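The next block holds one structure in the form of structure tokens; read it before the comments.
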Amino acid sequence: MKIEFERVGFSEQATEMFHICKLFFEEVESVYEPSDDARLLIRVTVTADESARTIAAEVSMTDRETGAVHGSRHARAIEARDEGYRRAVKRTVGYCLLQVLQEYTGIEQAWGTLTGVRPTKLMHNLMMKHGIEHCKQVLRDENLVTEPKVELLSGIAERQLKVIPDLFRLEREVSIYIGIPFCPTKCAYCTFPAYDIRGNNGSVEAFLEGLHYEIREMGKWMREADVAVTTIYWGGGTPTSITAEQMDALFATMQESFPAMDRVRELTVEAGRPDTITEDKIHVMKKWNVDRISINPQSFTQATLDTIGRHHTVTETLDKFKLAREMGMNNINMDLIIGLPNEGMTELQRTLDQTAALLPESLTVHTLSFKRASRMTKNKDDYEVAERDEITEMIRTTSEWTERHGYVPYYMYRQKNILGNQENVGYSLEGYESLYNILMMEERQTIIGLGCGAVSKVLFPKVEHEDGYEQRIERFPNPKEPAVYNKAYKEYIEKKIRLLDEAYGRVATGQS
């Protein structure tokens with residue numbers, strides 16, 4: 001769909017308008033000058049009354065093929081402590097544009113104007129200033145979020161504060177992500193660093209040598225900066241792709257290097273691929289007090305696993321889950337994906353029935369997203385996936401299933417190009433919420449990423465200004481490819497420490 005935009009009274013918001021249009025049309029080309037071959041002409045007019053601190057937007061849309069015309073107008077106050085002019089324009093224009101496109105297409109967007117990854121972060125920001133009912137009303141009235149999503153969002157935010165009461169007071173602590181970039185095979189939908197451990201993408205031993213060094217250097221920095229560790233999460237890739245001996249050595253280096261390991265609240269290892277789980281690896285995890293693992297079926301339909309390139313069987317998933325249970329792993333997460341190729345309600349029900357027989361302590365329910373660099377996206381015509389209405393029904397069915405089995409949502413996030421404009425939700429039984437998942441998604445403390453493809457997110461102190469406050473969050477990615485990491489890890493560690501020193505107000509000598 002080619003769309004011509006005519007903007008009057010403002011010049012920003014091109015990106016935001018594009019993202020809202022993407023909610024309704026699979027392919028969108030937007031232009032900002034006259035175009036004879038654009039099917040839709042959208043005229044957006046913004047007026048501001050600075051003395052009254054109000055913004056008004058008017059959107060009119062004409063379909064040049066049918067002659068249909070749709071329009072919407074909306075005005076809002078600029079709340080001095082909550083938002084500035086640009087943010088008010090964004091929200092007001094988004095409100096009108098969404099209403100026009102919903103009327104034109106007949107498609108209701110359950111998340112309204114919210115196109116970002118972290119709607120729960122918005123909810124927390126609102127809850128810091130207002131009561132819960134006021135926050136819900138803001139989502140309904142200003143963001144056009146539907147009632148089921150408002151309740152999901154508010155329920156998650158309230159539960160997170162129950163699980164981590166000091167969620168907003170963790171500035172002097174960090175969480176650690178350790179990226180192990182190897183897998184037995186790469187799944188068709190995956191864009192994470194996941195290299196065949198049998199391949200030639202850089203020596204595994206050379207990578208582990210660099211990772212040991214990085215753990216020691218970051219442990220030294222944390223001790224000197226007097227920064228404690230809240231949670232540790234091993235991800236990737238599949239961390240259990242390496243041997244039990246290699247895992248044991250990494251745990252020993254962590255124990256020696258990180259401060260106050262006895263006070264770490266949670267240690268998770270993604271044992272996601274059942275074909276990498278062995279008895280000796282579980283022994284190692286038990287030895288080092290790993291208190292949460294993931295065993296991820298994604299689906300319990302064998303044909304689906306074959307299609308997406310997960311070279312393990314349904315039976316193997318069941319057997320490895322049983323093995324972990326027998327060996328005393330009592331906090332197991334399972335990942336499921338809604339909308340995998342050739343799956344509909346029948347396949348989903350089979351997966352839910354099998355999950356009911358296992359009852360893991362937590363479930364992370366993803367909705368399939370066509371990530372730009374994945375094999376599935378590059379060969380999209382080869383994969384048949386469910387339509388929007390069926391995806392919505394599958395999400396509803398899964399939500400009802402979790403409620404019947406005692407699971408409650410505790411974190412969520414959204415992605416671009418996600419089927420049906422839905423969301424990914426983490427559910428858990430009471431007391432089995434993943435603390436790392438909450439902290440990582442809500443961005444309330446620094447996350448230090450170690451290893452291949454790991455991204456550090458460094459939080460700087462909040463800066464007050466007349467429209468409220470801003471907090472700088474700087475991403476620092478490690479190389480994704482093992483061969484590059486192996487050559488350059490020392491250089492990346494030095495840069496990361498300089499960034500951390502800046503954020504924590506430390507001078508180059510390492511002294512406070």
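The values are calculated or read from the model by the stated rules, or taken from the named source; none is laboratory data. Predicted model, so just to flag it, every value in this text is computed and none were measured. Please note: Cβ atoms are built from the backbone with ideal geometry, for glycine as well, and neighbour counts cover all protein chains shown. Surface accessibility is based on the protein's heavy atoms, side chains included, excluding ligands, DNA and RNA. Shrake-Rupley method; radii C 1.70, N 1.55, O 1.52, S 1.80 Å.
Among 261, 17, the order of accessible area from largest down is 261, 17, computed with a 1.4 Å probe on protein heavy atoms. A 1.4 Å probe over all protein chains sorts 36, 335 by accessible area into 36, 335, starting with the largest. Remark: relative contact order (the chain) = 15 percent; criterion is Cα-Cα distance under 8 angstrom and separation of 6 or more residues. For residue 213, the solvent-accessible surface computed with a 1.4 Å probe is close to 70 Å², ligands and nucleic acids excluded.
Summarising the label geometry, the points placed 7 Å from Cα in the beta-carbon direction at residue 303 and residue 416 lie 3.4 nm from one another. The figure for residue 129 is an accessible area of roughly 110 square angstrom, using a 1.4 Å probe on the protein chains alone.
With every protein chain left in place, what is the accessible area per residue of the chain in square angstrom, probe 1.4 Å? Mind showing how you got there, number by number?
Numbers: 22290 Å² over 512 residues.
With the other protein chains kept in place, the chain gives 44 Å² per residue.
Note on residue 474: accessible area approximately 60 square angstrom, rounded to 10, probe 1.4 Å, nucleic acids and ligands left out. Can you pull the percent of the chain's accessible area that's carbon plus sulfur, 1.4 Å probe, other chains left in place? Accessible surface attributable to carbon and sulfur in the chain totals 48 percent. Magnitude of the charge dipole for the chain, about its Cα centre and with charges confined to Cβ atoms of Lys, Arg (+1) and Asp, Glu (-1), is about 940 debye. For the pair residue 397 and residue 330, a Förster radius of 30 Å applied to the C-beta separation gives a FRET efficiency near 0.60, rounded to the nearest 0.05. Taking 7 Å steps out from each Cα toward its Cβ at residue 141 and residue 346 produces label points 4.9 nm apart. One chain, two ends: residue 502 and residue 162. Fully extended at 0.36 nm per residue, the span grows by 119.2 nm beyond their Cα-Cα distance.
Legend: residues 132, 55, sorted from most to least accessible area (1.4 Å probe; ligands, DNA and RNA excluded), read 132, 55.
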